[in-house]
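The values are calculated or read from the model by the stated rules, or taken from the named source; none is laboratory data. What you see is a predicted model, and the numbers here were worked out from it, not measured in a lab. Ideal geometry is used to build each Cβ from the backbone, glycine not excepted, and the neighbour counts take in all protein chains shown.
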Amino acid sequence: MRVLRTLLAAVLALGLVMGLAGCGEEDLAARVNGEEIKRSDLDAQIETLKEEYPDMFTGADGEGRLLEFQQRLLDNMINNVLIRQAAEERGIEVTDAEVEEEIESLKSGFETDEQFEQALAQSGMDVEALETQVREGMITDQLIATLSEDITVSDEEVTEYYEANKADFMQIAGVHAAHILFDADDKATAEQILSDIKAGADFASLAQQYSKDPGSAANGGDLGWPTTPYVQEFQDAADALEPGEISELVETTFGWHIIKVIEKRDDRQLPLEEVRDQIEQIIVQEQNADVYQEFLNELRDAATIEILVPELATPAAVQEGTSTEE
């Protein structure tokens, strides 16, 4: 499991899920097979949401949204406890070293340790809470892997998926370009660098040295194939160039650009053989989700779940083996 910035956002939003014995009855939200979930942990997650999205629970339907979020969060906490209990029964463990490795991978998504620590602090979590979440995520991954060992994908399934989703496998026309970006008030430097390039200087080396675009400078200005449209002035200039050609100075809201077109492509329907591996991964992920959900439903059916705050019970929680208590 590679834990990147997107996972951090999810982890920080979810907060710490703990089931600790020994707290007062007034601080209990639920019990799952005798393991306690604290109301204060649930409330802490809600407070974090309120801080990040202050308008989320305001307005005429604010109280209704608040109750819905509380119910969903508690239901998720119950699921997490059930999954962890099931993993423990199967002897699935994650070492401290493995958790630390994932934390380091998580940190690598930030430019500095200070930015990482700031994001952690803003979430209302500490390192210990994050370690718990990462450990539980890794345990869940290992559990899913054991449940999905027998999943296979046939050629017929791949072909059927491709035919039903051909529009998803269209390659959109685009321009693969590189650029050197200069500040808006630094046209003189841009003109000099353009002159150097026309005289034979290496475009990539100059991009690494002068470009103000942190996302592409280290790669010699290479922007890759675009996933979103360029600003119009940039797009128009790139469209007018042939592969290998270099633009004059182009001004956009970002500053001055020197653009080099690397290659172009037209709209194209990707053939099945080109996307077969991608489709197989999609089908496996879908089957994994189905297997996991079926397993979770079985755990819930067999579990003793007590919702100790009646208004927080959801239809998923109120079922055979589940009770609500004052």
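Residues are listed down the side, and each one gets a yes or a no for (1) of a type outside the set (Gly, Ala, Ser); (2) farther than 16 Å from Leu206 by Cβ; (3) at pLDDT 95 or above; (4) more than 30 Å from the chain's Cα centre (by Cα):
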position	(1), (2), (3), (4)
Ala238	no, yes, yes, yes
Glu242	yes, yes, yes, yes
Ile246	yes, no, yes, yes
His257	yes, no, yes, yes
Lys260	yes, no, yes, yes
Leu270	yes, yes, yes, no
Glu273	yes, yes, yes, no
Apart from one, (1) closer than 30 Å to Pro310 by Cβ; (2) not in a helix (DSSP H, G or I) all hold for Glu93; the odd one out is (1)
So the check is Cβ under 7 Å with 6+ separation or different chains; which pairs have a first residue in the range 203-221 that's farther than 21 Å from Gly109 by Cα and a second one that's among the charged types (D, E, K, R) and surrounded by 12 or more Cβ atoms within 10 Å (Cβ to Cβ)? Phe203/Lys260; Leu206/Asp196
Mind checking whether some residue in the range 170-184 is at pLDDT 95 or above, farther than 30 Å from Ile279 by Cα and surrounded by fewer than 18 Cβ atoms within 10 Å (Cβ to Cβ)? yes
Over the range 48-66, the set of residues part of a helix (DSSP H, G or I) and surrounded by 13 or more Cβ atoms within 10 Å (Cβ to Cβ) is Thr48, Leu49, Lys50, Glu52, Arg65, Leu66
Being surrounded by fewer than 12 Cβ atoms within 10 Å (Cβ to Cβ) and at pLDDT below 95 is the filter here, so list the residues in the range 216-236 that pass it. Thr227, Thr228, Pro229
Check off (1) closer than 30 Å to Ala303 by Cα; (2) surrounded by fewer than 16 Cβ atoms within 10 Å (Cβ to Cβ); (3) in contact (Cβ under 8 Å) with a residue 40 or more places away in the chain for Val81 and give me the number that stays unchecked. (2)
